[in-house]
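Just below is one structure, and these are the notes that go with it.
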Amino acid sequence: MKKFLVVLLALAMVFGLGSVAFAADTQIADYADLAGVPAEQQAAIYRLTALGVLAGDGVGGDFRPEDTITRAEFAKIAIFLAGKADAVDLYASFAPAYADVQDGTWYEGYVNAAVAFGYMKGYTDGTFKPGQTVTMQEVATVLLRIAGYTDALKGTWPNDYIRKANDTEIIAYVDFVGPRAATRAEVASIANETLDLNMVAEVENEVAAGLVEKTGNPHFVYDSYRRFVQMYG
């Protein structure tokens, strides 16, 4: 499949529309290094690129699909995917959330925001480990939290979120090994599938103790759509 067709497929997957309007001078990145990447992951990469959640080296450049992602980089991805990028400057003005998140670094605002919104957490030793590679189970956990799931899920981490990732099929197009470092292509795939989930909210179960899930509007999808229209509409 030619990359241009993959782009069109990705855009169709985003909006389910028969046509999408673009500015005449708009170019969507046509990456040079995706030949060996499965079609589903390619579509995810172009979709997330179009939405501004992920970025490679631009038109004709590389995406580096096999590269891993640090926790700091993933905090940025999470905030963009959640539609919270407007809050980054505010959170960058606050004290770092963890001792190893240095004041004034490019990622400080993203990490502070990701922690404040409940998407990411640090470690029991009081660190965030921003330079450590993010694992597949961490990716699934954070993306499901963005979709509204919480630690009230049945079971203990990471099995609770891994089970939900299987149930929701957001890991359908990756070879999921929880503790393994996630690649850029895998992150794109899992994030892409998460975009198609409805937001959920926890409500009291009147029949038995505990919480049940209630589907709602996918607010982060709407935020991403608005950003897309601003960029390309």
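Data table
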| read-out | value |
| --- | --- |
| Options Val59, Val53, Val111, Val37: the member that is open to solvent by less than 20 Å² (accessible area, probe 1.4 Å), in a loop (DSSP other than H, G, I, E, B) and more than 25 Å from Ala201 (Cβ to Cβ) | Val37 |
| Residue check for Tyr107: out of contact with any Gly (no Cβ under 8 Å at 6 or more places or on another chain), farther than 21 Å from Asp151 by Cβ and among the aromatic types (Phe, Trp, Tyr) | yes |
| Identity of the residue in the range 114-168, in a helix (DSSP H, G or I) and basic (Lys, Arg), that ends up most open to solvent (accessible area, probe 1.4 Å) | Arg163 |
| Test: Gly148 is of a type outside the set (Asp, Glu) and out of contact with any strand residue (DSSP E or B) (no Cβ under 6 Å at 6 or more places or on another chain) | no |
| Residues that are assigned to a loop (DSSP other than H, G, I, E, B), of a type in the set (A, V, I, L, M) and open to solvent by 30 Å² or more (accessible area, probe 1.4 Å), drawn from the range 62-108 | Ala95, Ala97, Ala99 |
| Residue within the range 63-85 that is at pLDDT below 95, β-branched (Val, Ile, Thr) and more than 21 Å from Asp175 (Cα to Cα) present | no |
| Selection from the range 173-189 of residues that are among the hydrophobic types (A, V, I, L, M, F, W, C), over 16 Å from Arg64 (Cα atoms) and open to solvent by less than 60 Å² (accessible area, probe 1.4 Å) | Val174, Phe176 |
| Flag for Thr183 being at pLDDT 95 or above, among the hydroxyl-bearing types (Ser, Thr, Tyr), under 22 Å from Ala55 (Cα atoms) and in contact with an Asp or Glu (Cβ under 7 Å, 6 or more places away or on another chain) | yes |
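The values are calculated or read from the model by the stated rules, or taken from the named source; none is laboratory data. As the structure is a prediction and not an experimental result, all values here were calculated from the model. Don't worry about glycine lacking a Cβ; one is built from the backbone with ideal geometry, like all the others, and counts go over all protein chains shown. With ligands, DNA and RNA removed, areas are computed over all heavy atoms of the protein, side chains included. Shrake-Rupley method; radii C 1.70, N 1.55, O 1.52, S 1.80 Å.
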